[in-house]
Structure formats: C-alpha cells, structure tokens
Amino acid sequence: MDFAYVLHPQERFLPGINAWTHDLRSLLAADSEWANCRLIAIPHDDTNGFSANDLFSRIAGALGPVIIVEQVQTAPRENLRRLLRSRTIVSVADCIQGPEDLWQELETARKRFQSGEPFLPRKFVVAVLILRKLIHGDYWGGGAKYKAYAYVDNLAKGRGVDDQFSDVTSEVANDLINKGMLLKKPSNRRKKCALNPERRGEIIEAATSHTFRDEPLERLLLRDKQEVSARLLDE
C-alpha cells in the first residue's frame with residue numbers, strides 16, 4: 001500500500017488538525033506496517049466541502065484507504081463514497097480529538113483495504129437482508145390472498161438478519177415502509193410488516209441484484225456512515 005488519504009476540515013473549523021496530521025506522519029513512520037506509505041492530507045474547502053470528481057480522479061490514480069473527517073457537507077461526502085465504493089475503502093470519522101484517533105481510523109481502514117474485501121453501508125445491507133427474509137418466509141401482505149405479516153421487532157431474530165443488526169433493523173424497516181416497499185399494521189401494540197405485492201418485481205430485484213429502483217430510497221440507505229462486509233449478501 002503506497003498511499004493513504006485524510007480529508008479534513010480546515011484549522012479554523014477543527015483547531016489542531018494541522019498538528020495532528022503532522023504527528024500522524026510520525027506515528028506511521030514508526031510503524032513497520034506503514035512502511036513506504038505516503039500520507040496525503042487534504043483540507044476541505046471554505047464551506048467544508050470538496051469536489052468529489054476532482055478527488056476521485058486523484059485517488060483513483062493512486063489508490064489507498066481514505067478517511068473523511070467530519071464535519072463535511074453531505075452531498076460531496078456521499079458522492080465521493082459512491083465513486084470510490086468499488087475501488088477502495090472510504091471511512092467517515094467522527095469525534096477526532098488527536099493524532100491517535102486518526103491513526104486508529106487509518107489502521108482499521110488499512111486492514112480492510114489490504115483484505116481486498118468489499119464493504120457496503122450497513123443500512124443498505126440490512127435492507128436487502130430484510131427483503132430476503134420476508135421473501136423466504138412468504139410474508140406478502142394485502143388482499144385476501146396475502147395475509148402473512150412479521151413482527152418488526154423480530155426481524156433481527158432467527159435466520160436471515162443477523163442479531164448484530166438489531167439496533168438498526170427497525171429503523172431500516174421503517175424506511176422501507178415509508179417508501180412503500182413494505183406494508184405495515186399494528187398488532188397488540190407491536191408493529192407488523194409484510195412485503196408489498198404491488199411492488200413484487202422491484203422487491204425481488206432488490207433482493208437478488210442489490211439494486212433499488214427507488215433511487216431516493218437507495219441514496220438514503222447508502223448514506224449510512226457505518227459499513228459492513230458486502231459478503232454478508234453472499235451467504
């Protein structure tokens with residue numbers, strides 16, 4: 001690995017960041033795992049944004065893990081993540097308070113980069129897993145023919161959606177409900193959900209090809225800063 005990138009706010013927005021990136025270079029130089037790696041620190045512009053296309057062109061020609069230090073505008077951050085998703089690791093770092101925090105973020109990103117394992121935003125992966133689980137259980141709602149509903153708070157229990165996602169599964173289910181992919185109904189003060197049979201084609205497509213026809217929904221799911229292994233979708 002020859003390059004690593006830290007995209008960060010200017011000094012006036014994050015006091016100390018210039019010294020932190022300087023100290024970070026010293027930390028990396030003392031670690032044999034980072035031998036011959038060039039750290040490139042790039043400040044955000046005056047509005048805490050950047051040109052995603054320009055950075056993509058620069059990084060794509062010299063690949064390495066990328067850390068985006070908050071605060072940063074959402075649109076350029078998400079555009080750069082989208083452009084680089086299939087090429088390298090892009091992590092979003094909150095609550096950076098010194099060079100050690102930056103080093104820990106980079107160390108995690110380096111291991112993921114060198115593993116060659118693809119990663120996707122967690123909520124996107126969970127959405128696909130929820131659809132698959134409901135399809136497998138034949139949970140299609142609406143009409144006389146389709147009466148099977150699943151409890152939302154049980155989605156991360158049992159096969160199909162790992163319990164590691166229990167903290168976000170209900171939130172993702174609500175996103176799918178709000179966008180009409182799932183139907184809902186109350187039951188004993190608990191929410192139930194089922195697949196919308198009127199959206200059968202795109203539900204099957206999302207579950208099998210990992211593509212959502214509803215672009216605003218897909219953008220919402222991809223906006224999650226936390227990422228997990230894309231290989232969870234291969235199991």
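So if I check each of ILE89, ILE96, ILE68, which one is under 18 Å from GLN10 (Cα atoms) and at pLDDT below 95? Within the list ILE89, ILE96, ILE68, the selection yields ILE96. Looking across the stretch 48-65 at every residue that is under 17 Å from ALA109 (Cα atoms) and assigned to a loop (DSSP other than H, G, I, E, B), the one that is farthest from the chain's Cα centre (by Cα) is identified as ALA62. Output the residues belonging to the stretch 106-128 that are surrounded by fewer than 20 Cβ atoms within 10 Å (Cβ to Cβ) and closer than 22 Å to GLY16 by Cβ. Correct list: GLU107, THR108.
Annotation note: Cβ proximity below 7 Å between a residue of the stretch 201-213 that is in contact (Cβ under 8 Å) with a residue 60 or more places away in the chain and a residue that is part of a loop (DSSP other than H, G, I, E, B) (sequence gap 6+ or interchain) occurs for ILE203/MET181; ALA206/PHE212.
A count restricted to the stretch 66-92 and to residues that are buried (at least 16 other Cβ atoms within 10 Å of the Cβ) and not in a loop (DSSP other than H, G, I, E, B) stands at 15.
The values are calculated or read from the model by the stated rules, or taken from the named source; none is laboratory data. Computed from a predicted model, the values in this text were never measured in an experiment. Counting neighbours? That spans all protein chains shown, and the Cβs are built from the backbone with ideal geometry, glycine included.
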